[in-house]
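Engineer: The following block contains the structure, expressed as structure tokens.
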Amino acid sequence: VIRLSDRVLAAVASSAAAVMVVVVIAEVAARYLLNESIFFANELSRLMFVWVIFLGMPLALSRGRHVGIRLVEAALPPRVARRVFRATCLLAALLMAVVMVKSSQLLVFNWMQRLQTLPFTASAFFFPVPVGSAFCILYLLIMARTAEPVLVRDEDVTPG
């Protein structure tokens, strides 16, 4: 389940990053070479940035690459450190649950609003937040249960 969800998240986040890069390059080229602007470039690149960040968040978490301070954990005996790790995973999962609920409410609230230059609802900016939060909750609960800070290793997902 973790590897499959990780691959799907990676594919969607990578695609969003690729769209963002292509749109920004095309916008720069259009402005400087053609003295024109792509009217939707700013909004689309911002939208893709949000998708990359919030879908990339569980990817970093599953690989143990999120920002963390391990000063206290390193000073504790291993058994106590595992308990502290498990407790912090549960607290982080609770925080992500709050983020998921509140962002879902914003998604519903903004559903009827339209984006200015794209034919999407304004909720497109909020959609990746509860999705990424849900995956973070899943990963944090697994981490709390196993006391393992890394769920996916690079060699598990890179071909060859």
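The values are calculated or read from the model by the stated rules, or taken from the named source; none is laboratory data. The model shown is predicted, which means the values in this text are computed figures rather than measured ones. Positions of Cβ are backbone-derived with ideal geometry, glycine not excepted, and every protein chain shown enters the neighbour counts. Quick note on the areas: whole protein, heavy atoms, side chains included, nothing else; ligands and nucleic acids left out. Shrake-Rupley method; radii C 1.70, N 1.55, O 1.52, S 1.80 Å.
Engineer: Quickly estimate the mean residue ellipticity at 222 nm for the chain, helices only: each DSSP H run with n ≥ 4 gives -39500 (n - 2.57), and the total goes over all residues, rounded to 500. Intermediate values should be presented prior to the final figure.
Structural biologist: Values: 6 runs with 114 residues, N = 160.
Dividing the helical sum by the residues of the chain leaves -24500 deg cm²/dmol.
Engineer: Still on this structure: Taking all protein chains as present, what is the carbon and sulfur share of the accessible area of the chain, in % to the nearest whole number, probe 1.4 Å? List each step's numbers first, then the result.
Structural biologist: On the way: 7200 of 10270 Å².
Heavy-atom surface of the chain belonging to carbon and sulfur, 1.4 Å probe: 70 percent.
Engineer: Treat each spin label as a single point 7 Å out from the Cα along the C-beta direction, and report the ASN110 to VAL98 distance in nm.
Structural biologist: Result for the modelled spin labels: 2.0 nm.
Engineer: Determine the principal axes of the Cα atoms in region 67-160, then give the extent along each, sorted from largest to smallest and rounded to whole angstroms.
Structural biologist: For region 67-160, the Cα spread along each principal axis is 55, 38, 21 Å.
Engineer: Using a 7 Å offset from the Cα along the Cα-to-Cβ direction at both GLU73 and LEU4, what is the distance between the two label points in nm, to one decimal?
Structural biologist: Between GLU73 and LEU4, the label points sit 2.8 nm apart.
Engineer: Using only Cα atoms, tell me the angle between helix 41-62 and the longest principal axis of the chain; keep it within 0 to 90° and round to the nearest 10.
Structural biologist: 10
Engineer: Next question, about the same structure. If you count only protein heavy atoms with a 1.4 Å probe, what accessible area per residue comes out for the chain, rounded to a whole Å²? Spell out each step's value before the answer.
Structural biologist: Values: 10270 Å² over 160 residues.
Accessible area per residue: 64 Å².
Engineer: How far is it, in nm, from the label point at PHE49 to the one at ALA26 when both lie 7 Å from their Cα along the line to the Cβ?
Structural biologist: 1.8
Engineer: Given [x] -0.23, -0.75, -1.11, -1.29; [y] -0.40, -0.85, -1.17, -1.33; [z] -0.32, -0.89, -1.16, -1.28, which label gives log10 I(q)/I(0) by the Debye sum over Cα atoms at q = 0.08, 0.15, 0.19, 0.21 Å⁻¹ as computed from the coordinates?
Structural biologist: [z]
Engineer: Further question on the same structure: Using Cα atoms only, what is the angle between the long axis of helix 2-33 and the major principal axis of the chain, expressed in degrees (0 to 90) to the nearest 10?
Structural biologist: It is inclined by approximately 30 degrees.
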